[in-house]
Ligand SMILES: Cc1cc2nc3c(=O)[nH]c(=O)nc-3n(C[C@H](O)[C@H](O)[C@H](O)COP(=O)(O)O)c2cc1C
């Protein structure tokens, strides 16, 4: 079997695998460039690169410079395809999108918020705009709005299902019935919703599915259902190229299925994480002290928030996992070793060929 390529706009990746953007600092230059070097699309996360103790101006300057540095570093490590991931709830999201475009990034992935103004912000048609969605209703809304307001359509969509790691675009109640919102159920609805826009704009809109994709067999199943590629996060955390601390990776290796839980995040969305010491202590304490000179998230209600999510994620990144939140996908408990991106991709592709 020939491995299908993944076409996004005029870019063609040799393999249909996108490494999903992972904040805070989980997917930076090292991981993204390694994936791009294997023929996939590597995504740098733009989230949480500032200094949480800095003033607004300083925070924004540090974030801008840090993102530009990660993009340049990744570029120096690969000629492959790189994307940058953004969350609509970030206070400085527009600023960071501009930096990415200036630094030559050709794939902008936008989640956690509706990208209604994205085409106005990124006018260069050579930059591919790829929103993350969780339902046909949201896909239709974005497609209709962009068509009416800007006379353009998306260059791809990432359909993230309920088994993914990090923040999730489903309510807690919906997440209790994940089978009702499975990728297998959602994908045909999305494929139907994009048809009129594919016809109108005379182009294929690739749908990339993510959330719980674990092996080559899963990738084959998604491709057979009409996806153009898959987005994977969790499996890339346990690679040597991923920048997170040893303790973060160890938590993945140790976690049991029943310790993977849904939390209510201060971002205002549910998220999936490991029920570690931090979450257990938080349950007892109820609320932690927050020092927030810069409001990094528009959606975070600092007065009532139970903890600072940015600080909790930074703590885990640096290895203080007892005071940190560890996001993971539903399948994290299946990972048993740390590998390299090369080995992981080889394993996925041989599973895909077999399937
Ligand atoms: C540790 C972690 C952090 C994540 N952070 C983000 C993020 O900042 N923005 C985003 O759009 N998705 C984020 N995600 C979701 C991934 O990009 C990806 O879509 C998802 O992990 C796919 O599901 P999987 O983990 O089951 O492979 C995160 C996932 C993980 C595991």
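The values are calculated or read from the model by the stated rules, or taken from the named source; none is laboratory data. Treat the numbers as computed from the prediction; the structure is a model and nothing was measured. Here Cβ is always computed from backbone atoms with ideal geometry, including for glycine, and neighbour counts include all displayed protein chains.
Does residue 344 count as within 14 Å of the ligand (Cβ to nearest atom), assigned by TED's automatic domain parsing to the domain that holds residue 18 and closer than 25 Å to residue 47 by Cβ? Give the derivation first.
Working: within 14 Å of the ligand (Cβ to nearest atom): yes; assigned by TED's automatic domain parsing to the domain that holds residue 18: yes; closer than 25 Å to residue 47 by Cβ: yes.
For residue 344, the condition - within 14 Å of the ligand (Cβ to nearest atom), assigned by TED's automatic domain parsing to the domain that holds residue 18 and closer than 25 Å to residue 47 by Cβ - is met.
This table checks each residue for (1) away from the ligand (no atom under 13 Å from the Cβ); (2) farther than 17 Å from residue 88 by Cβ.
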site: 120; (1), (2): yes, no
site: 126; (1), (2): yes, yes
site: 132; (1), (2): no, no
site: 146; (1), (2): yes, no
site: 177; (1), (2): yes, yes
site: 190; (1), (2): yes, yes
site: 196; (1), (2): yes, yes
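Every residue in the stretch 211-250 that is over 19 Å from residue 38 (Cα atoms) and in contact with a strand residue (DSSP E or B) (Cβ under 6 Å, 6 or more places away or on another chain), please.
The answer is 211, 222, 227.
Specify the residue that is farthest from the ligand (Cβ to nearest atom); the eligible residues are those in the stretch 231-248 that are surrounded by 20 or more Cβ atoms within 10 Å (Cβ to Cβ) and farther than 21 Å from residue 134 by Cα.
Taking the stretch 231-248 and keeping what is surrounded by 20 or more Cβ atoms within 10 Å (Cβ to Cβ), we get 231-239, 241-242, 244, 248.
After this cut, where a residue has to be farther than 21 Å from residue 134 by Cα as well, the list is 236-239, 241-242, 244, 248.
Values: 236: 8, 237: 6, 238: 11, 239: 12, 241: 15, 242: 9, 244: 8, 248: 8 Å.
For the stretch 231-248, the residue satisfying everything is 241.
Would you call residue 291 outside the structural domain of residue 228 (by TED's automatic domain parsing), more than 19 Å from the chain's Cα centre (by Cα) and surrounded by fewer than 19 Cβ atoms within 10 Å (Cβ to Cβ)? Even if it seems obvious, please write down each step before you answer.
Numbers: outside the structural domain of residue 228 (by TED's automatic domain parsing): yes; more than 19 Å from the chain's Cα centre (by Cα): yes; surrounded by fewer than 19 Cβ atoms within 10 Å (Cβ to Cβ): yes.
Answer is yes for this residue.
Testing residue 7 on (1) farther than 24 Å from residue 324 by Cβ; (2) part of a strand (DSSP E or B); (3) within 16 Å of the ligand (Cβ to nearest atom), one condition comes back false. Which one is that?
(3)
State all residues of the stretch 10-52 that are within 16 Å of the ligand (Cβ to nearest atom) and without any contact (Cβ under 8 Å) to a residue 24 or more places away in the chain; if no residue qualifies, say none.
The answer is none; no residue qualifies.
Please go through the stretch 136-156 and give me each residue that is buried (at least 18 other Cβ atoms within 10 Å of the Cβ), outside any helix (DSSP H, G or I) and in contact with a helix residue (DSSP H, G or I) (Cβ under 6 Å, 6 or more places away or on another chain), ordered by number.
Matches in the stretch 136-156: 153 only.
For the stretch 160-178, state whether one or more residues are farther than 19 Å from residue 269 by Cα, in contact with a strand residue (DSSP E or B) (Cβ under 6 Å, 6 or more places away or on another chain) and not in a strand (DSSP E or B). Give the steps one after another, and end with the answer.
Start the filter on the stretch 160-178 by keeping residues that are farther than 19 Å from residue 269 by Cα, which leaves none.
No, there is no match, as no residue in the stretch 160-178 is farther than 19 Å from residue 269 by Cα, in contact with a strand residue (DSSP E or B) (Cβ under 6 Å, 6 or more places away or on another chain) and not in a strand (DSSP E or B).
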